Amino acid sequence: MDLIAPVIHEFTYQAMAHDLLPITEGEKVLYKTVANEGTPQAQEKEMEIGEKDKIWVDNRHRHMKDTIEKLMGDFQKFIDENPHFTNENADTTSLNAIKDMLAGLPQFQELKEAYSLHLTMAQECMNIFQQHKLPDVASVEQTLATGLDEDFRKPKNLADQVVRLLDDENIGGADRLRLILLYILYRDGLIPEDVQRLLSHASLPPDDFEVISNIELLGARVAKALKDGKPAPQPLFPRKTAPTVEEEEYALSRFEPNLKLMLQEAAAGTLDQTAFPYIKPPLDNSEFIAAQSQTSLRSAKPTWARSRTAGNDSRQRIIVFMAGGATYSESRACYDVSSTSGREIFLATSHMLTPSLFIQQVEDLSKDRRRLDLPVDRPKPKAPAHLFEREAPKPVVASTGGAASGQAAGLPSRPQARGSAGAQQPQQSRPAQGGDRSSQGYNSTQVPTAGMAAMNLDRNGGTLEKRNKLSKGESGEKKIKGFFKKMM
């Protein structure tokens, strides 16, 4: 739908910062900067950029020019409200002077770090903007993207301007590649010899030619014959032919992504239903008016009883899903149309695209899938192996009673047989001497218990007989004691 938006330079604050600065994007958006610069407490620190940062939220969709003016104006207002934090002769018209003044405000640490972060980011963006000659590059890019020059006329000698920029050493290789891609999209393809000439002028590595050839996989045409009579495809949405006051002020931001033009037509009700069909057709206006006229005045809620937030509930909601990632210029377009049309617009996508990420993904389209390490191709996570290991069996502790005496008497030592509950198994009777062991049910694997080992083998007189006598004597003493108790 739009191959220009991921490639062209965007000069609103959020898009420009993500394009030019080394911002780390993960679970958090971080930018590494030097806190308390110019003081003994100076240290390198990673600052988070998110919804909690009010300065970022208020300025991220502004043009960079307006962002700098807003930051400096807010800081000047702060100085006017707190004149005792600075001297009267201080210069508040430059970013560097304001940063030096912020370093002397330890009482406002959080405010100082927030302003210092965004002033540093804005200053770094403008330095890259000047050093890489982005004004000249952006002027040609806007002409290639819109098909019209700054005066909204058909451009002339555009190829010469592109070649001149490709030969400039101050322009980086990534910007040269983006310029070639835009020129190919503008011409709807070139003859292969011209593509090679552009690459030689840009002094790009061979891998970048793969990016140019892979752009065809997204619907663009790269190579064509010299006498190709195929007409150029018509734009999805017609472009403006007359400049507005805002476009004259921001000549380097004349291009608008197709998403913004689509949302404007959707809000106005003029969107082509053949290209963007409805899943469920909307109600006819006549039916809606008739339904309103049949509503009873008694059941209708009076206007004075409505809460202040009731107006937001009635706003139409438009949810846009961008397949393949969305750019920050497209998120800014949703914000702009939402504020001007009175509708709530939500942008949903798989990830946010920067120009460098988009070019990398286009280059990966022709690589072997096994080298890409896609999340869907990675093995599914498993639980650690030690969770599935069984515990080692506990060692059996030998009894220390009769077994020890059995060993002393020269009897064989064998483990005791125990039941499931750990109780001692009942012993079996031994066969008679000289008899057949198999007929008596003798088990050769049966082991003697500790009680058998400690027992005296002499049946004619031994411990068993003595124990019986002792037990009888004890019972007799108990009877005598009972008799005397009765007598007393």
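The values are calculated or read from the model by the stated rules, or taken from the named source; none is laboratory data. Nothing here was measured: the structure is a model prediction, and the numbers come from that model. Here the Cβ is made from the backbone with ideal geometry for all residues, glycine too, and neighbour counts use every protein chain on show.
The table below gives the values:
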item: Residue that is surrounded by 12 or more Cβ atoms within 10 Å (Cβ to Cβ), among the small types (Gly, Ala, Ser), in the same structural domain as residue 230 (by TED's automatic domain parsing) and at positive phi, where the choices are 172, 189; result: 189
item: Of residues in region 185-209 being touching a residue at least 24 places away in the same chain (Cβ under 8 Å) and acidic (Asp, Glu), the one farthest from residue 363 (Cα to Cα); result: 188
item: Within region 360-376, considering residues that are modelled with pLDDT under 85 and not in a helix (DSSP H, G or I), the one surrounded by the fewest Cβ atoms within 10 Å (Cβ to Cβ); result: 373
item: Matching residues in region 233-249 - criterion: being in a loop (DSSP other than H, G, I, E, B) and either at pLDDT 75 or above or under 36 Å from the mean Cα position of the chain (by Cα) (or both); result: 233, 234, 235, 236, 237, 238, 239
item: Those residues of region 126-142 which are surrounded by fewer than 16 Cβ atoms within 10 Å (Cβ to Cβ) and of a type in the set (Val, Ile, Thr), in sequence order; result: 128
item: Complete set of residues in region 313-347 that are among the basic types (Lys, Arg) and surrounded by fewer than 17 Cβ atoms within 10 Å (Cβ to Cβ); result: 315, 317, 343
